[in-house]
Amino acid sequence: MDLASFKLLFSQGGQEALLAAEQLRPREIDYLRHFQNLIKQYPGKLSQAALETAILRGEAERKFRQAGKMFFTRESLEQASPQQVSEYRSERYRGFDFLVDLGCSIGSDTLNMSRLAHTSGVDIDPLRLAMAQANAAALGCSDQVSFILADLYTPLPLRECEGCGLFFDPSRREGSRRIRSVSEYRPPLGRIINWVKRFPALGVKISPAVNKSEIADFDAEVEFVSLGGELKEALLWFGPLKTARWKATILPGPHSLLGEGLIEPLPLNEPRGYLYEPDGAVLRAGLVAKLGEQLGAYQLDPDIAYLTADQEISSPFARVWQIEDWFVFNVKRLRSYLRERNVGQIAVKKRGSPLQPQELIRMLRLKGDNQRVVFLTHLNGVPIIIVCYPPPVMV
C-alpha cells in the first residue's frame, strides 16, 4: 500500500470498500480470492488497500484491543509491541512534561505515551506518519499528539528542555530478514551516544536476542520483558529512567526482578521434590541465581538454568513442576518406566540435550491413558532424565 492508496480509504467509496473487505473476515492465505471479488465493485488500488487493512486488523487483534479501528503496514505490525507491553513501558515516563517517540511508525507507542504527556512522534516514512495520525484520530488522541517527518540519521529536530523524555524504536528488519546486530539497526544504535548527552532521559527498544557484549559499554539499565511466558523485547533505560543494571519483568503484573551485578553461583544438587523453569526474561537478564536465592533452590548444572528445591513456591518468574523421578539418560529405561505407569502422552522439554522432542516421542512408542512431562538436561555435566507430573488442569 502506498500513501495515495491509503488516502483513498477515507473517501466515501473507500469506507464502503473497507467495510466490504472486513465483512469477508479475510486472511492472507485467501488474499487473491477476496481481491478478485472486491475489484468487481471497487477500483484495483482501493480494493488492495481495503483488503490489506482488513487482513492486518484481523491479525492485530492479538496485539491491540482496538485493532479494528487502526491502520498498519505488514512490517509495522510485526515490529510493534503488544499493547500490554507498550502500556507497561510507557509508565516509565510518568511525571515528564513532554515526550518524543523516535521512529514512531504507525504511532502505537506514541498513543500510549500520550496518556501521560503531550507526545511527538518522529518518522521518515510519510505513509506510516499518515497512519499514525489516522490512528490518533480513531482512538481520540489527536489533541495529545503531534507528528514530525524527519530523518533520524540527521540531528534530532528537537530543542533541549527540562522534563523531556525520549523513546527510540529503531528498525530491526531489512525486508523479511531480522537484524540482530545493534550496529545494523536503522539507524544504528551508536547514534544514541550523542542523543543521550542532550536528552538524558532516553529509553531504547532492542531485540531480546541482542548480543550483550554489544551493549556492555552503555551506562544503562537493561530490561527484558516477557508477556504470558513469552520473551517479547529488551529495553535500555538511560539517565533518570534507569532503576537497576539488570531487570526481568513479567507481564501481566508487572512483576520485576532486579540485579546490580554478578551474583554468587547457586550450589549444585541432584533433583529434589520440585523443578523450576525460569522465565526467558530471567534467563536473558542473568538473574537465575537471584531467583534461586528467593526460592531457596539449587542448580542442577552450572551451565543450565533449571533449578530444584524441596518446596513448591509459587513465583511469577518460573514455572514449577513436581518431580516424580529422575535417572541417568537411557531411552530403554525411560520407555519401561513410562509403560509401567500407563503413560501414553508426554511433553518433552530440554536444555543441554541434542535430542529433539519429537524424535524422543517417536522412539518411545507409548500407549496409555496417563500423561507426564519429561525433561532432558544435565546434572553437573551428566545427561539425565527428569519425569514430572503434568500441571493440574484448570477448570
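For the range 243-253, the candidate set comprises residues that are of a type outside the set (Ser, Thr, Tyr) and loosely packed, with under 15 Cβ neighbours inside 10 Å; within that set, the residue that is nearest to the chain's Cα centre (by Cα) is Pro252.
Apart from one condition, Thr308 fits all of (1) of a type in the set (Ser, Thr, Tyr); (2) touching a residue at least 60 places away in the same chain (Cβ under 8 Å); (3) buried (at least 19 other Cβ atoms within 10 Å of the Cβ); the exception is (2). When the range 345-395 is filtered for residues that are of a type in the set (Gly, Ala, Ser) and crowded, with 16+ Cβ neighbours inside 10 Å, the ones remaining, listed by number, are Gly352, Ser353. Residues in the range 145-170 that are surrounded by fewer than 15 Cβ atoms within 10 Å (Cβ to Cβ) and outside any strand (DSSP E or B): Asp151, Tyr153, Thr154, Pro155, Pro157, Arg159, Glu160, Cys161, Glu162, Gly163.
Scanning the range 59-99 for residues that are among the aromatic types (Phe, Trp, Tyr) and touching a strand residue (DSSP E or B) at 6+ places or on another chain (Cβ under 8 Å) turns up Tyr88, Tyr93, Phe96, Phe98.
Taking the condition at pLDDT 95 or above and outside the structural domain of Pro82 (by TED's automatic domain parsing), does Leu251 pass?
Values: at pLDDT 95 or above: yes; outside the structural domain of Pro82 (by TED's automatic domain parsing): no.
When the stated conditions are applied, Leu251 does not pass them.
Hey, could you check the range 68-92 for residues that are closer than 15 Å to Ala138 by Cβ and aromatic (Phe, Trp, Tyr) and say which is farthest from the chain's Cα centre (by Cα)?
As a first pass, look at the range 68-92 and keep what is closer than 15 Å to Ala138 by Cβ: 68-72, 83.
Going one step further and asking which of them are aromatic (Phe, Trp, Tyr), we end up with 71-72.
Numbers: Phe71: 21, Phe72: 18 Å.
Going through the qualifying residues, I end up with Phe71.
When Phe6, Phe35 are screened for being surrounded by 12 or more Cβ atoms within 10 Å (Cβ to Cβ), in contact with a helix residue (DSSP H, G or I) (Cβ under 7 Å, 6 or more places away or on another chain) and farther than 13 Å from Phe71 by Cβ, only Phe35 passes.
Of all residue pairs spaced 6 or more apart or on separate chains, those with beta-carbon atoms under 7 Å, a first member in the range 62-79 that is of a type outside the set (D, E, K, R) and a second member that is in a loop (DSSP other than H, G, I, E, B) and at pLDDT below 95 are Thr73/Met1; Gln79/Arg172. Taken together, Arg272, Arg284 contain a single residue that is among the basic types (Lys, Arg) and over 27 Å from the mean Cα position of the chain (by Cα), which is Arg272.
Can you tell me which residue in the range 21-58 is farthest from the chain's Cα centre (by Cα), limited to those that are of a type in the set (Lys, Arg) and under 22 Å from Asn135 (Cβ atoms)?
So, considering only residues that are of a type in the set (Lys, Arg) and under 22 Å from Asn135 (Cβ atoms), the one farthest from the chain's Cα centre (by Cα) is Lys45.
In the range 171-191, the condition of being free of Cβ contacts under 8 Å to residues at least 12 places away in the same chain, assigned to a loop (DSSP other than H, G, I, E, B), within 24 Å of Gly95 (Cβ to Cβ) and not β-branched (Val, Ile, Thr) is met by no residue.
Taken over the range 268-295, the residue count meeting the criterion of being among the charged types (D, E, K, R), in contact (Cβ under 8 Å) with a residue 40 or more places away in the chain and either crowded, with 20+ Cβ neighbours inside 10 Å or not in a loop (DSSP other than H, G, I, E, B) (or both) is 3. Does the range 132-144 hold any residues that are assigned to a helix (DSSP H, G or I) and surrounded by 17 or more Cβ atoms within 10 Å (Cβ to Cβ), and which are they? Ala132, Gln133, Ala134, Asn135, Ala136, Gln144 - these are the residues of the range 132-144 that are assigned to a helix (DSSP H, G or I) and surrounded by 17 or more Cβ atoms within 10 Å (Cβ to Cβ).
When the range 164-185 is filtered for residues that are farther than 12 Å from Arg198 by Cα, modelled with pLDDT of 90 or more and small (Gly, Ala, Ser), the ones remaining, listed by number, are Ser171, Ser181, Ser183. Of all positions in the range 188-206, at least one carries a residue that is within 21 Å of Trp237 (Cα to Cα), of a type in the set (Lys, Arg), modelled with pLDDT of 95 or more and under 22 Å from the mean Cα position of the chain (by Cα).
Cβ-Cβ contacts under 9 Å between residues 6 or more apart (or on different chains), taken from a first residue in the range 84-96 that is surrounded by fewer than 22 Cβ atoms within 10 Å (Cβ to Cβ) and of a type in the set (A, V, I, L, M, F, W, C) to a second residue that is modelled with pLDDT under 95 and in a loop (DSSP other than H, G, I, E, B), are listed as Phe96/Gly163. For the range 1-14, a residue qualifies if it is outside any loop (DSSP other than H, G, I, E, B) and not charged (D, E, K, R), and the qualifying residues are Leu3, Ala4, Ser5, Phe6, Leu8, Gln12, Gly13, Gly14.
The values are calculated or read from the model by the stated rules, or taken from the named source; none is laboratory data. Because the structure is a prediction, the values reported are computed rather than measured. Glycine gets a Cβ as well: all are built from the backbone with ideal geometry, and neighbour counts include every protein chain shown.
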